[in-house]
């Protein structure tokens with residue numbers, strides 16, 4: 001009778017452990033999905049800024065057509081990309097490179113650099129990039145916690161048994177790191 005009580009107690013502890021670990025993995029997956037939603041919201045915000053930025057640059061630098069078209073094409077690719085985190089990371093890296101090139105083009109046009117609309121859009125883009133990076137850090141922190149539980153023993157047994165999928169980090173450098181200073185008389 002005493003042996004049966006011990007066996008039942010061990011079974012109950014194992015069941016509690018499995019339930020607790022399963023619920024923890026579900027909670028982490030929900031945090032990851034929520035964090036990805038925040039990244040997606042900020043990326044969409046950035047995508048909405050880009051056409052206005054391109055239009056402003058186009059008014060001053062119309063012969064930079066290839067750069068402008070590349071930015072718009074890559075922006076449209078990013079908007080349409082609903083693939084995996086790794087796939088979107090690749091698309092975003094190309095897009096960030098094109099936006100960086102667009103901003104470098106602006107450096108060659110003093111009138112454009114002094115244009116208040118351009119400066120306001122560049123500042124808004126910089127703020128958006130900061131928000132993307134904050135959301136990315138939050139997302140990656142949740143992925144780190146999930147990976148720790150998903151890959152370590154005995155949580156990995158439960159994760160594999162219940163078919164939890166691995167999650168990837170999202171690493172993209174910001175398109176704009178600092179807001180340019182506004183100099184001169186206005």
Nearest 10 degrees, 0 to 90: helix 2-60 Cα axis against the chain principal axis: 10
With axes computed from alpha carbons, what is the tilt in degrees of helix 65-80 against the longest principal axis of the chain, rounded to the nearest 10 within 0 to 90? 20
Expressed in nm², what is the orientationally averaged projection area of the convex hull enclosing the Cα positions of segment 77-144? 5.4
How would you rank 22-33, 137-148, highest first, on the average number of other Cβ atoms within 10 Å across their residues? 137-148, 22-33
Would you mind ranking 125, 103 so that the residue whose beta carbon has the fewest other beta carbons within 10 Å leads the list? 103, 125
Acute angle (nearest 10 degrees) that the helix 85-107 long axis makes with the longest principal axis of the chain, alpha-carbon atoms: 20
I'd like the distance separating the alpha-carbon centroids of segment 1-35 and segment 91-144, in whole Å. 45
Largest-first ellipsoid semi-axes for the chain, taking √(5λ) over the Cα gyration tensor eigenvalues, angstrom: 50, 15, 10
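Every read-out reported here was derived from the displayed coordinates using simple, explicitly stated rules and does not represent laboratory data. Everything numeric in this text was worked out from a predicted model, so none of it was measured. Backbone-built Cβ (ideal geometry, glycine too); neighbour counts: all protein chains shown.
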